[in-house]
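Engineer: Handing you a structure now.
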Amino acid sequence: MSVSYRDIEAAFEGTGLVVRGGFKGEHDEGLGGVTVVLVGNVGPGMWSHFSAARPDCVDPLDTWTKSVVAPRADRFAASVAYPNDKPYRPFQQWAMRAEPVTPSPLGILIHPEFGLWHAYRAALMFDGRIVGLPTVQAAVSACESCIEKPCLNTCPVGAFDGKSYNVPVCVTHMKSSDGRPCHEHGCLARLACPVATKHRTTEAQRAFHAAAFFRSNG
Ligand code: B12
């Protein structure tokens with residue numbers, strides 16, 4: 001079956017998830033002959049779709065994601081990998097081959113249009129090639145021209161030093177009463193990024209991700 005990139009994009013239109021580029025896998029990474037196409041969310045676009053169909057379970061976003069992605073993957077005879085399924089697949093490394101994203105000082109990847117306000121939800125694996133797979137433009141990181149780097153001096157407990165993320169320090173702060181703003185507004189360091197502020201997710205979405213992070217790490 002010959003699959004076109006445009007058809008994959010069309011299959012996700014109106015779902016809240018979007019197709020985010022792809023790449024041809026190599027034999028030495030166990031992806032010989034496979035084309036990987038990433039699916040994710042950008043800006044606040046996913047939230048209303050997810051909220052309207054939110055399942056009542058422990059991992060509602062993962063469950064909702066699978067309900068959107070799995071039937072579409074079946075239609076294209078593609079297999080699927082999800083970022084939270086173990087063993088973890090290298091989604092960030094894949095993302096850098098699929099679109100012009102680069103590591104930010106926070107560790108998460110920065111996108112030229114959406115800044116830090118995006119994520120990856122699934123990887124579709126196709127046997128063979130995809131017609132019309134976009135080529136990736138050279139990435140220019142917005143962080144390079146950002147002199148003040150407020151992401152590195154906003155965290156109330158200095159959990160980010162530009163090289164690593166001190167998860168225990170972050171979680172201990174979130175457990176204390178002083179950590180309330182992090183629960184209510186989401187990660188303050190991420191929120192301080194001056195890039196693509198118009199694509200920020202809503203406060204409700206940020207609080208949802210903060211709660212999920214705290215539940216699994218707190
Ligand atoms: C485990 C994990 C974590 C761990 C971090 C582990 C670590 N070493 O520091 C914890 C739970 C702390 C974490 C946190 C977050 N994570 Co995380 N995480 C993952 C996950 C599920 C697996 C990473 C992995 O081991 N991959 C396998 C290895 C082989 O691949 P890799 O590409 O080399 O992975 C390395 C990096 O991903 C790094 N890493 C992962 N998350 C983070 C977060 C930060 C801040 C840093 C510095 C590094 C880091 O650790 C990996 C091993 O060195 C990935 C999804 C995935 N499958 O990759 C998401 C993922 C990397 N996380 C993501 C996000 C968004 C976050 C949060 C910001 C989520 C939130 N709550 O808002 C938080 C940061 C907390 C905060 N205060 O904001 C996104 C990043 C998207 C992007 N734009 O780049 C991913 C891709 C998931 C997704 N659905 O898109 N995460």
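The values are calculated or read from the model by the stated rules, or taken from the named source; none is laboratory data. Because the structure is predicted, anything quoted here is derived from the model rather than measured. Don't worry about glycine lacking a Cβ; one is built from the backbone with ideal geometry, like all the others, and counts go over all protein chains shown. Just the protein is used for accessible areas: all its heavy atoms, side chains included, with ligands, DNA and RNA removed. Shrake-Rupley method; radii C 1.70, N 1.55, O 1.52, S 1.80 Å.
Engineer: Across the stretch 58-84, what is the total count of residues that are more than 14 Å from the chain's Cα centre (by Cα) and either farther than 19 Å from MET46 by Cα or not polar (S, T, N, Q) (or both)?
Structural biologist: Applying the first criterion (more than 14 Å from the chain's Cα centre (by Cα)) to the stretch 58-84 yields 58-60, 63-64, 66-80.
Cutting the leftovers down to either farther than 19 Å from MET46 by Cα or not polar (S, T, N, Q) (or both) gives us 58-60, 64, 66, 68-80.
The number of residues fulfilling the criteria is 18.
Engineer: Taking LEU116 as the residue in question, decide whether it is within 21 Å of ALA211 (Cα to Cα), buried (at least 18 other Cβ atoms within 10 Å of the Cβ) and modelled with pLDDT of 95 or more.
Structural biologist: Here the answer is yes, as LEU116 does meet what is asked.
Engineer: Here are some residues: ARG190, ARG97. Which one is more than 25 Å from GLU9 (Cα to Cα), basic (Lys, Arg) and either surrounded by 15 or more Cβ atoms within 10 Å (Cβ to Cβ) or not assigned by TED's automatic domain parsing to the domain that holds GLY33 (or both)?
Structural biologist: Of the residues listed, the single one that is more than 25 Å from GLU9 (Cα to Cα), basic (Lys, Arg) and either surrounded by 15 or more Cβ atoms within 10 Å (Cβ to Cβ) or not assigned by TED's automatic domain parsing to the domain that holds GLY33 (or both) is ARG190.
Engineer: Kindly indicate whether any position in the stretch 87-100 is assigned to a loop (DSSP other than H, G, I, E, B), within 12 Å of the ligand (Cβ to nearest atom) and within 10 Å of ALA122 (Cα to Cα).
Structural biologist: The answer is no; no qualifying residue exists.
Engineer: Quick one: in the stretch 179-204, which of the residues that are among the basic types (Lys, Arg) and farther than 11 Å from CYS151 by Cα is nearest to the ligand (Cβ to nearest atom)?
Structural biologist: ARG200
Engineer: Could we say that SER145 is part of a loop (DSSP other than H, G, I, E, B) and open to solvent by 50 Å² or more (accessible area, probe 1.4 Å) here?
Structural biologist: Yes: the conditions hold for SER145.
Engineer: Take the stretch 54-76 and flag every residue that is farther than 16 Å from ALA122 by Cβ and loosely packed, with under 12 Cβ neighbours inside 10 Å.
Structural biologist: ASP56, CYS57, VAL58
Engineer: To continue, here is another question. Return yes or no: is SER79 among the hydroxyl-bearing types (Ser, Thr, Tyr), farther than 18 Å from TRP117 by Cα, modelled with pLDDT of 95 or more and open to solvent by 30 Å² or more (accessible area, probe 1.4 Å)?
Structural biologist: Against the criterion (among the hydroxyl-bearing types (Ser, Thr, Tyr), farther than 18 Å from TRP117 by Cα, modelled with pLDDT of 95 or more and open to solvent by 30 Å² or more (accessible area, probe 1.4 Å)), SER79 qualifies.
Engineer: Here's another thing I want to ask about it. I want to confirm something. Restricting to the stretch 119-138 and keeping residues that are in contact (Cβ under 8 Å) with a residue 40 or more places away in the chain and not in a strand (DSSP E or B), which single residue is most open to solvent (accessible area, probe 1.4 Å)?
Structural biologist: Going through the qualifying residues, I end up with ARG129.
Engineer: Moving to a separate point now. Give me a count of the residues in the stretch 163-178 that are more than 8 Å from the ligand (Cβ to nearest atom) and surrounded by 13 or more Cβ atoms within 10 Å (Cβ to Cβ).
Structural biologist: Counting residues in the stretch 163-178 that are more than 8 Å from the ligand (Cβ to nearest atom) and surrounded by 13 or more Cβ atoms within 10 Å (Cβ to Cβ) gives 6.
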